[in-house]
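Derivation of every value follows stated rules applied to the coordinates shown; laboratory data play no part. For clarity, every value in this text was computed on a predicted model and none was experimentally measured. Note: ideal-geometry Cβ built from the backbone for every residue, glycine included; neighbour counts use all protein chains shown.
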Amino acid sequence: MPNFTEPVSIFMSTPVHSIVQTASLQEADDALRARGVSSLAVLDDSGSLVGIISNTDILGSGLRNAGNRPDAALLESTGTVQNVMTPNVISVDISSSMSDAAARMVEAHVHRVFVTARGDVAGVLSTWDIMAAVEAVRVAKPASEFMSTPVFTVRASETIALASERLGKAHVTGLLVVDESEWPVGVFSQREALEAGDAPRSAKVETAMNAAVLTLPDRTELHNVARQARAMNARRVAVMNRHELVGIMTGVDFAKAIS
């Protein structure tokens, strides 16, 4: 397999999307949705990096605030960014290799690391960028060698309240939605949960899920998995052995392939 010794500067993304720590959680959610990202750098009044706010933080706060009241909406997102942000920011130097950065992601089980140059934030390397690297160097090993198991799923007929609770308990960013025959029919991620925040708790997953789901055979070479996932803007891929769901490829699984 190729040795990913290239510096992170080749694949990192710029600019780094950010938000001030005094912004409301609703402002943070709006910014995440508008920019199509899952996290924002958090800055203090002087412009220094003090944390990160992600879908995980906002969803967790919203679920806690709403509680289990039957008459409550799924989420109640109140408060400010500084109340729920993650203060421990994982970063790598701009001269670090792709393999070193990927190893940091796998170790911390995170989907991005910030890239610094002389102490300043110069970019961000996400698992989306990792997938671009896997595609660029044509990693030929099959998906079966890197996929995650077991696969956390939810039925399309179950409620979004149950699905959102399962996201938190499983400590994952997304669930595969399956039909009665266990065939993947969609994805219910933290983003779908946040967008369904005002929906009744009894609403069905099928009304809120993303129906664009990518399924590929477990023998598919990794660079082809990455290529098709990026083409479809799919953050996770259902891995199949004939008609059986056997695994899932997430961004962190791609990081495993190059760490």
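Under 5 Å between amide hydrogens, built in the peptide plane, is the criterion, and for SER189 it picks out LEU175, ASN210 among residues at least 5 positions away or on other chains. Could you give the distance between the Cα centres of region 20-49 and region 171-224, to the whole Å? Cα centroid to Cα centroid, the span is 25 Å. The H on the amide N of GLY51, modeled in the peptide plane, is under 5 Å from the matching H of VAL42, each at least 5 residues off or on a different chain. Computed extension length for ALA212-GLU6: 70.9 nm, one decimal, from 0.36 nm per residue of separation with the Cα-Cα distance subtracted.
Counting only DSSP beta bridges with both residues in the chain, the antiparallel share comes to about 70 percent. In summary, the lysines within cross-link reach of LYS204, defined as a Cα separation below 23 angstrom excluding same-chain residues under 8 places away, comprise LYS169. For region 8-136, the share of DSSP beta bridges that are antiparallel, to the nearest 5, is 70%. In the calculated pair-distance distribution of region 1-55, the portion above 17 angstrom amounts to 47 percent of the Cα-Cα pairs.
Net charge around ARG104, counting only other residues with Cβ within less than 15 Å of its Cβ (Lys, Arg = +1; Asp, Glu = -1)?
On the way: positive: ARG112, LYS256; negative: ASP93, ASP100, GLU107, ASP129.
For residues surrounding ARG104, the net value is -2.
Applied to region 97-105, the Karplus parametrisation 6.51 cos²θ - 1.76 cosθ + 1.60 on θ = phi - 60° returns per-residue 3J(HN,Hα) values of 7, 4, 5, 5, 5, 5, 5, 5, 4 Hz, with x for Gly and Pro. Once the Cβ-Cβ distance of ALA231 and VAL106 is raised to the sixth power relative to R0 = 30 Å, the FRET efficiency obtained is 0.75. For region 188-203, putting each phi into the Karplus relation 6.51 cos²θ - 1.76 cosθ + 1.60 with θ = phi - 60° gives couplings of 10, 9, 4, 5, 5, 5, 5, 5, 9, x, 8, 6, x, 5, 8, 4 Hz, in residue order, rounded to whole numbers and with x for Gly and Pro.
In order along region 14-28, the Karplus-derived 3J(HN,Hα) couplings, from 6.51 cos²θ - 1.76 cosθ + 1.60 at θ = phi - 60°, round to 9, x, 8, 6, 9, 8, 7, 5, 8, 5, 6, 5, 5, 5, 5 Hz, and Gly and Pro are given as x. Taking a straight Cα-Cα cut-off under 19 Å and skipping sequence neighbours fewer than 8 places away in the same chain, the aspartates and glutamates within cross-link reach of LYS141 are ASP129, ASP218, GLU221, ASP253.
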